[in-house]
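Peer 1: My questions all concern the structure below.
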Amino acid sequence: MNELLEQFLIESRELVQQATLDLLAIENDARDRAKLDSAFRSFHTLKGGAGIVEFPDMVTGLHAAEELLASARAGSRAMNVAEIGNCLWALDQVTGWLDEMEKTGTVPIDAGRVAEEMVRRFQPALPGGSDSAALSPPDWLAGLLAAYPDDARQAVVALMFQPDAQCFFRGEDPLALVSGMPGLLAMRVDEVNPWPELDDLDPFECNLRFAALSSATRETLLHHVDLTNPSAAKQIEIRALSPIRLEGLKFGPTARLILEAQRQLLSHEETTGMAGRVGAARRVVMNVVGRYGEYSDVAQRYERLLAAEPGDRQRAILQALLTEVLEDGQDPEPPVDKTALSPGDHSAATVRSLRVSVERIDALVNLAGELSIAKNALAHAAALARGGTTATSLAVLLEEQQARLERLVDQLQRSVMNIRVLPIRQVFQRFQRMVRDLATETGKSVALVTEGDETEADKSIVEGLAEPIMHVVRNAIDHGIERADERSQSGKPAQATISMRAAKAGDTVVIEISDDGRGVDLLRVREVAFQRGLISATTTVSEDETLELLFKPSFSTASTVNVVSGRGVGMDAVRSAVEALGGSVKIETESGKGTTVRFTLPYSVLMTPLVTVEAAGQIFGIPLEKVVETRRVSAGDISAVGEARIFVHRGRTVPLIDLGSTIGEPGCRLPMDEAQVVVVVMENEMCGIEVDRVGEKMDILMRPVEGVLAGLEGIAGVTILGDGRVMLVLDLEAILR
Amino acid sequence: MTVIADSKNGPIRLEGDCTLDDSEILLGLFTSVADPVVDLRNCKSVHTAVLQILIAAHARVIGPAASPFLQKHLVPVFRPSGD
């Protein structure tokens, strides 16, 4: 990738991050002028950068967003939630482009469609764009349904059609369009503006609007409009009607993905098996709906209601419902957006480059200077030695230089470690967006407060924190935090607060994530633990021990998600992630007041580079510094000497040890044509270790062997892999002995 | 001719398919009548422009209209002529 593009990617990611934070701040306080200015600048600079790398689609798309921000800045009006949602969506698209550019090294060529969509999304909000609020009075639907209650029961969609005043001049006849509509059940005609005196009435100016109920699907209606009068499509608003009313329900990105899949399932033209598809889609849709707070109770009733309808109508209702929730355009939530699902996905992107303060770089430059002086001093010592100086005086000189070098190398190590130190802010700030999205998804109102953002920790710690924090935040929003009405009843503010605090304590960094939700239901946890056989009926379990049960892998199973009114989802995953970073986790909870999850982590970590190997069905780590190379040795090149085996490696005879039978079961390997061998060097002696497979290189934090493994010969330490598996790190000296 | 006014105060008959141009004629007739009555019994369809003149003038109608659509969806909008 060229340098220009590389720089563009780094800067653009920072700008996207900055703009996201600014937009979230504007969402909280629409009058925040400074944030608005900052967001505008970020969009403007992003657009400018796109111009420099010659990415016209990105320029076009961002220009539309920038115009919106500019009009808000001009003070004409405050931005609404939908517009902020659109801006965030635009930033997500930009991130997608940046990811693609990072992968391919070139500007995406098929970005035009997304750019067009961006322009479209930002168009209506611009001054001079159509004003959809005036187009359809908000209560038209309620009025229509009330006026025709019998038709409303049969109707699949309701529509509002307000032709533009000049439509007669184009030869259009809106009434003809409506009268020809398939499935028309009821129609209502109203004047747009009050009628003038007949003498002043212009017969060629349309002053009517039509509201109608139809038993056809939205697709059928749109098809009809398209055939009859395509330009009218823009003036028609179609709302899905069904026995199911989901007004105001906002689906999150995951839910939308699932719903979109159901829509596709139902849109198949093949009619064979349609009944099955409809049934499956019905159950899935209602399961998704049931996940949303106030709909959890009614979803089942809706499903029964739907199931009682004939197949065709079920399909039509579901299709209309899905179209409404997925396309209505009323939803400020951007459409499916994979990047928003997990901030963990962002981690690679946002921390891939490291910004280092000039002071730290200067310290390194100074050290480099001093090292070069030390090197010159050695040259001087060599010259003296050649000149025949005495061994004693040479030794004095060398010792002096060695001490100096030792000091410099030590300083160098510390300075380099310091470069790896990052502020926790880098991980905390990603959660502003996630909390917003999750809160919208669950219909709860949640504010995120952070403290100690500037607390620093090693890069690997900061990067590794995103995932466990995400689990904790998800738990808090899903289970810990009550719905607004429930909160008001218990005298809490309707908006819940999640606080993230970071502080340095000695050699550790403490991260606390607290919510002011309902707390963990300890009785329920004990009950579930008993059902799962984790405790016996007679065991007395203290509060701490009860909370400890939440970390048991067997506790965190899917079926507990809904029964434990607090936490318990994936806490074992949280613990293994934090332990992999060399830290520990603790939960504190107070019934009705909230829950705090505390991570205690080392400030800096020394990572051991390893190569992983598999033998006897297990994964092991071999310290990389011992590995000379990995190779295959054909069976014919391996000779037996007594009980031992040897092979020739680079002209030297090297013993071959079978890791599987040394560590695991003897003789468990099947005879192979070739042996996979890791050649290691120990105190200048080479040795081959036969394994089943060589894995990957990784940096790990090695932990001492404890518990049942403590006495195990040949194991130097353990580490926890990303997937929670424990990996043993081999003590080669012990094995070769 | 789809807008027919036989007598000055008698009902105005709309017959067949009433077009955009008929709206101007109808409006002209309505401005000279205090409480217009329109006979839709032979009317098959009306243009939107005609419909809006009928509504704006608070016309009373004589039905049933020749077209089921008019009869079902539009005639109920107007006061019957007997009011």
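Peer 1: Taking the stretch A:405-451, which residues are in a loop (DSSP other than H, G, I, E, B) and within 23 Å of the chain's Cα centre (by Cα)?
Peer 2: Residues satisfying the conditions are A:Ile424, A:Gln429, A:Gly443, A:Lys444, A:Ser445.
Peer 1: A follow-up question, please. Looking at (1) surrounded by fewer than 17 Cβ atoms within 10 Å (Cβ to Cβ); (2) among the polar types (S, T, N, Q); (3) more than 25 Å from A:Gly252 (Cα to Cα), can you tell me which one A:Ser460 breaks?
Peer 2: In the conditions (1) surrounded by fewer than 17 Cβ atoms within 10 Å (Cβ to Cβ); (2) among the polar types (S, T, N, Q); (3) more than 25 Å from A:Gly252 (Cα to Cα), A:Ser460 misses (1) alone.
Peer 1: Hey, another quick one. So, A:Val628, is that one among the aliphatic types (A, V, I, L, M), in contact with a Lys or Arg (Cβ under 7 Å, 6 or more places away or on another chain) and more than 30 Å from A:Leu448 (Cβ to Cβ) or not?
Peer 2: No.
Peer 1: Sticking with this structure for a sec: On the given criteria, is A:Ala457 modelled with pLDDT under 90, part of a strand (DSSP E or B) and either of a type in the set (A, V, I, L, M) or farther than 28 Å from A:Arg256 by Cα (or both)?
Peer 2: yes
Peer 1: Also, I was wondering about something else. Quick one: in the stretch B:63-83, which of the residues that are of a type in the set (A, V, I, L, M) and surrounded by 20 or more Cβ atoms within 10 Å (Cβ to Cβ) is nearest to A:Asp190 (Cα to Cα)?
Peer 2: Once the filter is applied, the top-ranked residue is B:Leu74.
Peer 1: While we're looking at this one, here's another question. Please identify the pairs in which a residue from the stretch A:683-694 that is surrounded by 16 or more Cβ atoms within 10 Å (Cβ to Cβ) has its Cβ atom under 8 Å from the Cβ atom of a residue that is assigned to a loop (DSSP other than H, G, I, E, B) and among the charged types (D, E, K, R), counting only partners at least 6 apart or on another chain.
Peer 2: A:Glu690/A:Arg669; A:Asp692/A:Arg669
Peer 1: Here are the criteria: (1) touching a Lys or Arg at 6+ places or on another chain (Cβ under 7 Å); (2) among the polar types (S, T, N, Q); (3) at the interface with another protein chain (Cβ under 8 Å from one of its Cβ atoms). Tell me which single one A:Ser179 does not satisfy.
Peer 2: All conditions pass for A:Ser179, except number (1).
Listed here are the residues, each with its yes/no results for (1) at pLDDT below 75; (2) of a type in the set (S, T, N, Q); (3) crowded, with 21+ Cβ neighbours inside 10 Å.
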{"site": "A:Arg263", "(1), (2), (3)": "no, no, no"}
{"site": "A:His268", "(1), (2), (3)": "no, no, no"}
{"site": "A:Val289", "(1), (2), (3)": "no, no, yes"}
{"site": "A:Val298", "(1), (2), (3)": "yes, no, no"}
{"site": "A:Leu305", "(1), (2), (3)": "yes, no, no"}
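Peer 1: Still on this model: For the stretch A:3-45, give me each residue that is β-branched (Val, Ile, Thr) and either buried (at least 19 other Cβ atoms within 10 Å of the Cβ) or over 24 Å from A:Phe431 (Cβ atoms) (or both).
Peer 2: A:Val16, A:Thr20, A:Ile26, A:Thr45
Peer 1: Only strands (runs of 3 or more DSSP E) wholly contained in chain B count here; list those with 2 or more residues that are touching a strand residue (DSSP E or B) at 6+ places or on another chain (Cβ under 9 Å) and at the interface with chain A (Cβ under 9 Å from one of its Cβ atoms).
Peer 2: B:37-46
Peer 1: From the list A:Ser357, A:Ser347, pick out the single residue that is among the hydroxyl-bearing types (Ser, Thr, Tyr) and modelled with pLDDT under 65.
Peer 2: A:Ser347
Peer 1: Let me ask something else about it. Suppose we keep only residues that are closer than 19 Å to B:Ser45 by Cα and aliphatic (A, V, I, L, M) within the stretch A:148-176. Which one would you say is farthest from the other protein chains (Cβ to nearest Cβ)?
Peer 2: Ranking the candidates gives A:Ala176 first.
Peer 1: So is A:Asp190 crowded, with 21+ Cβ neighbours inside 10 Å, within 11 Å of chain B (Cβ to nearest Cβ) and either in contact with a helix residue (DSSP H, G or I) (Cβ under 6 Å, 6 or more places away or on another chain) or within 28 Å of A:Ala316 (Cβ to Cβ) (or both) or not?
Peer 2: No.
Peer 1: Sticking with this structure for a sec: Applying the selection to the stretch A:193-211, what residues are touching a helix residue (DSSP H, G or I) at 6+ places or on another chain (Cβ under 6 Å) and either among the hydroxyl-bearing types (Ser, Thr, Tyr) or more than 8 Å from chain B (Cβ to nearest Cβ) (or both)?
Peer 2: A:Phe210, A:Ala211
Peer 1: Between residues in the stretch A:617-641 that are of a type in the set (Phe, Trp, Tyr) and residues that are part of a strand (DSSP E or B) and surrounded by 15 or more Cβ atoms within 10 Å (Cβ to Cβ), which pairs lie under 6 Å by C-beta distance while being six or more apart or on different chains?
Peer 2: Note: pairs meeting the criteria are A:Phe620/A:Val613; A:Phe620/A:Leu728; A:Phe620/A:Leu730.
Peer 1: Just wondering, is there one or more residues in the stretch B:16-24 that are under 26 Å from A:Phe169 (Cα atoms) and among the β-branched types (Val, Ile, Thr)?
Peer 2: Yes: the stretch B:16-24 contains one or more residues that are under 26 Å from A:Phe169 (Cα atoms) and among the β-branched types (Val, Ile, Thr).
Peer 1: Restricted to the stretch A:140-169, and to residues that are crowded, with 23+ Cβ neighbours inside 10 Å and farther than 30 Å from A:Phe204 by Cβ, which residue is farthest from the chain's Cα centre (by Cα)?
Peer 2: A:Ala155
Peer 1: Still on this structure: If the requirement is being more than 30 Å from A:Ser372 (Cα to Cα), hydrophobic (A, V, I, L, M, F, W, C) and without any contact (Cβ under 8 Å) to a residue 40 or more places away in the chain, which of these qualifies: A:Ile481, A:Ile498, A:Ile461, A:Ile477?
Peer 2: A:Ile481
Peer 1: Still on this structure, please answer the following. (1) of a type in the set (A, V, I, L, M, F, W, C); (2) modelled with pLDDT of 65 or more; (3) surrounded by 17 or more Cβ atoms within 10 Å (Cβ to Cβ): which one isn't true of A:Val336, the others all being true?
Peer 2: (2)
Peer 1: Another question about this same structure. Being aliphatic (A, V, I, L, M) and in contact (Cβ under 8 Å) with a residue 60 or more places away in the chain is the filter here, so list the residues in the stretch B:49-81 that pass it.
Peer 2: If the condition is that a residue be aliphatic (A, V, I, L, M) and in contact (Cβ under 8 Å) with a residue 60 or more places away in the chain, then no residue fits.
Peer 1: Would you pick out the residues in the stretch A:479-534 that are over 18 Å from A:Gly570 (Cα atoms), hydrophobic (A, V, I, L, M, F, W, C) and surrounded by fewer than 19 Cβ atoms within 10 Å (Cβ to Cβ)?
Peer 2: A:Ala484, A:Ala494, A:Ala503, A:Ala505, A:Val510, A:Leu523, A:Phe530
Peer 1: Here is a follow-up. Quick check on the stretch A:592-606. Is at least one of its residues of a type in the set (S, T, N, Q) and at pLDDT below 90?
Peer 2: yes
The values are calculated or read from the model by the stated rules, or taken from the named source; none is laboratory data. Since the structure is predicted, the reported quantities are computational estimates derived from the model, not experimental observations. Heads up, the Cβs are rebuilt from the backbone with ideal geometry, glycines too, and the neighbour counts pull from every protein chain shown.
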